[in-house]
Amino acid sequence: MSDIRTQALACRDAATAIAALDNTARRLLLLDMAQAIDSQTDTILAANEKDMAQAAAKGVQGAMLDRLRLDGGRVATIANAVREVADLPDPVGQVTRRDQLPNGLAIERVRIPLGVITMIYEARPNVTADAAALCLKAGNAVILRGGSEALHSNTAIAAALHVALQKHGIPAAAVTLVEDLRRETMVELLQLADIIDLAIPRGGEGLIRFVTEHARVPVIKHYKGVCHLYVDKAADLTLALDLLIDGKTSRPGVCNALETLLVHRDVAAEFLPKAAAALRQRGVELRGDERSREQVPDMAVASEDDYAAEFLDLILAIRVVDSADDAITHIRRYGSDHTEVIATADQATADAFVHALRSAVVMVNASSRFSDGGELGLGSEIGISTTRLHAYGPMGAESLTIERFVVRGDGQVRHPQSRA
């Protein structure tokens, strides 16, 4: 038996112990995990320094380096995110529907844990704690397969989580960190359909395609975030500029950052020069179509590829459109079903925009940066699903459960001839 299969089987056994805990016990476990992270901050930061040094030596830079970097504040944020998950409502055992049939049967739909979830991610050490906390909150065990660039950080965080598991008498395998990072081992992991109930990849487009192509277990894809802001002719342009600056520049290397700006032709002459000045002051490179460049002549020419790109950098594609319908058509063609934003004071236009798009999150007069599980009241998120199965959009603990039927009767049979 291979090592990865042995680890997965141990994780499945541990899932039984997690599922048996009530909400109070799971909450206390998570609070102790947060405390363990806090108490081991220095160890975690020392491990992260090793990862950062190795990444720098390999020439890693930009968004990936930012995602990898930890400091005291970020470690505190990781611990606090675990506490937030601990205090979330318990999704396990929730009755989502209850009916009484004419034959007297009581029908309930009840949330239960999925079982074993495997999380495959790149240079995001916070995911180690976030994924573990969310899976445990929902009564699941988790197999974590992080990237080689964050191995030391992930190992240190997982070690802190194991301290809390040991304190509560739960097998360490409930949070299994895979340290064999060979591609062939990941492929084997993704094909353990008899053990693993769900795989969630979180990282670049290449990673997600690789997981999807090789998995025999169900996969929820956290695909790229080509997020749009459409500035309507009825927009408050000061509000729109705020949304643009926050969405593009607050943290350009994350999936809910804006990548494309669409501006109605009626406000382009007033809005684009101001927007260009504000963005360039913050180091943003602009790439536009012909009509955008009429308003900002020194803007670079945008290619078709630019409109489909997730730059994850201080780069913005811009296009002037004739109507809200044209903006919707553009988003349908180039978008990735992640997050779209409209700035408008016209309620009818806002409603049409919302109803015409099927993206996982649609914002009206609010920044794309709110497309995040924590900001939307889910606590931490395990990802933002762009797969229209089971869960769609930011995924919290509830998305890591499934519903089953529980039927209560007093001797009903479907066929009268079955009675003795």
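The values are calculated or read from the model by the stated rules, or taken from the named source; none is laboratory data. Note that the coordinates shown come from a computational prediction; the quantities given were computed from them, not determined experimentally. So basically every Cβ, Gly included, is an ideal-geometry build from the backbone, and we count neighbours across all protein chains shown. These accessible areas exclude ligands, DNA and RNA; they are computed on the full protein's heavy atoms, side chains included. Shrake-Rupley method; radii C 1.70, N 1.55, O 1.52, S 1.80 Å.
Taking every protein chain into account, the accessible area of region 348-420 amounts to 55 square angstrom per residue (probe 1.4 Å). Per residue, the convex hull around the alpha carbon atoms of the chain comes to 178 Å³. Residues whose amide H lies under 5 Å from that of residue 385, counting only those 5 or more places away or on a different chain, are 393, 395; hydrogens are built 1.01 Å from N in the peptide plane.
Computed in the context of the full set of protein chains, the accessible area of region 185-291 at 1.4 Å probe radius has 46% of its extent on carbon or sulfur. The residues 98, 282, 251, 67, sorted by heavy-atom accessible surface at 1.4 Å with ligands and nucleic acids left out, run 98, 282, 251, 67 from largest to smallest.
Is region 1-75 best put as rounded, prolate or oblate by its Cα gyration tensor, with a ≥ b ≥ c the root eigenvalues, rounded for a/c under 1.5, and otherwise prolate when a/b is larger than b/c, oblate when not? Judged from the Cα gyration tensor, region 1-75 comes out oblate (a/c at least 1.5, b/c at or above a/b). Per residue, the accessible area of region 1-101 comes to 53 Å², computed with a 1.4 Å probe over protein heavy atoms only.
Between beta-carbons, use under 11 Å as the cut-off and find the net charge around residue 375, counting Lys and Arg +1, Asp and Glu -1.
-1
Normalising the average separation of contacting C-alpha pairs (under 8 angstrom, six or more residues apart) by the number of residues puts the relative contact order of region 124-254 at 17 percent. Which of the lysines could a cross-linker bridge to residue 137, judged by Cα under 30 Å and excluding same-chain residues fewer than eight apart? Filter leaves 167, 221, 224.
Would you work out which of 144, 176, 165 lies farthest towards the positive end of the dipole of region 107-232? Charges go on Cβ: Lys and Arg +1, Asp and Glu -1. So the residue furthest toward the plus end is 165. In the context of the full protein assembly, residue 272 retains an accessible surface of approximately 0 Å², using a probe radius of 1.4 Å and ignoring ligands and nucleic acids.
Here's the list of lysines a cross-link from residue 50 could span, going by alpha-carbon distance under 17 Å and ignoring same-chain residues fewer than 8 apart: 58. If amide hydrogens are placed 1.01 Å from N in the peptide plane, which non-local residues have theirs closer than 5 Å to the one on residue 363? So residue 363 has HN proximity to 340, 341, 342. Close amide H contacts of residue 318 (hydrogens built in the peptide plane, cut-off under 5 Å, sequence separation of 5 or more or a different chain): 261, 287, 288, 289. Entry comment: accessible area of region 212-330 is 41 Å² per residue, from protein heavy atoms only and a probe of 1.4 Å. Could you tell me how far the Cα centroid of region 237-297 sits from the Cα centroid of region 112-167, in Å? Centre-to-centre (Cα) distance: 37 Å. Per-residue ellipticity at 222 nm computed for the chain from its helices equals -13500 deg cm²/dmol, with DSSP H segments shorter than 4 residues left out and the rest contributing -39,500 (n - 2.57). Only lysines eight or more places from residue 233 in sequence, or on another chain, were considered; those with a Cα closer than 26 Å are 248, 274.
Overall, the accessible surface of region 66-165 at a probe of 1.4 angstrom is composed of carbon and sulfur to the extent of 53 percent. Can you work out the PRE-style zone for residue 376? Point 7 Å along Cα to Cβ, and I want the residues of region 310-353 with backbone N under 12 Å. From region 310-353, the list is 338-340. Residues 311, 271, 405, sorted by accessible area with the largest first, give 405, 311, 271 [1.4 Å probe; ligands and nucleic acids excluded].
In square nanometres and to one decimal, what's the mean projected area of the convex hull around the Cα atoms of region 170-311? With every direction weighted equally, the projected area is 12.3 nm². If only the Cβ of Lys and Arg carry +1 and only the Cβ of Asp and Glu carry -1, the dipole of the chain around its Cα centre is close to 1140 debye.
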